[in-house]
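Computed from the coordinates by the stated procedures, all read-outs in this text should not be read as laboratory data. As the structure is a prediction and not an experimental result, all values here were calculated from the model. Note that we place each Cβ from the backbone using ideal geometry, even for glycine, and neighbour counts take in every protein chain shown.
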Amino acid sequence: MSTVAQGDRDRASRVTEDNARDRPIDDLIRADHASVKDLWSRYQAAGADIPERRRIANELIREVAVHSVAEELVVYPEIRVLMGDAVVDKLIGDQLEVKRAAYELDKMDVTDPEFTPRLHRIMADLETHMTEEESDELPMLRDRVARDRLVEIGKQFDGIKAMVPTRPHPDAPTQPGLEALVGMMTAPLDKMRDMAREFAERKVK
């Protein structure tokens, strides 16, 4: 494992620990959204710096993969109870489309002429998804769920992020029980593969 990759992982771990400290789940989700947007801005600003673009893309794909599974395991069941199946099924469907596109992107290198246009399309879909969550589901959680419970969900969300796959797996089940089981088997393989990669630092807490 490279020193850079290990350092980035250590910093990401510290950010995650800081995030979970008595912060409600809606704050943590907004922070993850902001981090993805920040990484996209940094990717665009990196220009011809191929190694930096590669590190940023690796981190962006990892954050999207981890965030989506953690939401499906911890957050969406809560939203399903409060808002019904149709809302959550749409959220999961939106994320599945992103997972499929990110899975294909993850097999490419940033030097591929199709890489940036594909990433741009993924970000457009993510922007729509994140905006909808921040406009609809997150305010609903804040209004209808006690703060102590929101903090508890936030801690569960943060804890599960350390155990889920770090790469997109669009064929994995999305039912929480099955997804957790498959994720426990898949995550160690993803993390072994990640050892050969370098990752950008997450700067948004």
What nm distance separates the two modelled labels at Arg100 and Thr131, each placed 7 Å from Cα along Cα→Cβ?
2.2 nm
Per GNM of the chain with C-alpha springs under 10 angstrom, the most fluctuating residue out of Glu72, Glu114, Glu127 is Glu114
Consider just the alpha-carbon atoms of the range 47-205 and return their Rg together with their Dmax, both in angstrom.
16.1, 48
Simple spin-label model, 7 Å along Cα-to-Cβ: Lys37 to Leu178 in nm?
3.5 nm
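Tell me, what is the percent relative contact order of the range 76-145, built from C-alpha pairs under 8 Å that lie six or more residues apart?
Working: 22 pairs, mean separation 21.5, N = 70.
Computed over the range 76-145, the figure is 31 percent.
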Could you tell me which trypsin sites (Lys or Arg not before Pro) in the range 63-160 are loop residues by DSSP with no more than 12 other beta carbons within 10 angstrom of their beta carbon?
Lys107
Could you compute how fast the range 146-189 diffuses translationally, taking Rh as the Kirkwood radius over C-alpha pairs and applying Stokes-Einstein at 37 °C with viscosity 0.692 mPa s? Give it in µm² per second.
287 µm²/s
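How many percent of all Cα-Cα pairs in the range 75-132 sit more than 20 Å apart?
Values: 603 of 1653 pairs.
Here the tail beyond 20 Å accounts for 36 percent of pairs.
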Reachable lysines from Lys205, criterion Cα separation under 16 angstrom, eight or more residues apart if same chain
Lys37, Lys155, Lys161
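What dipole magnitude, in Debye to the nearest 20, does the range 67-182 give about its Cα centre under +1 on Lys/Arg Cβ and -1 on Asp/Glu Cβ? Intermediate values should be presented prior to the final figure.
Details: 14 positive and 25 negative charges, 63 e Å.
For the range 67-182, the charge dipole is close to 300 debye.
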Could you tell me how many degrees, from 0 to 90 and to the nearest 10, lie between the Cα long axis of helix 25-45 and the main elongation axis, the longest principal axis, of the Cα atoms of the chain?
20 degrees
Mind sorting Val110, Val81, Val74 by how few other Cβ atoms lie within 10 Å of their own Cβ, fewest first?
Val81, Val110, Val74
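Give the relative contact order (percent, whole number) for the chain; include only Cα pairs under 8 Å separated by 6+ residues. Could the numbers behind the result be given before it?
Numbers: 227 pairs, mean separation 91.9, N = 205.
Worked out over the chain, it gives 45 percent.
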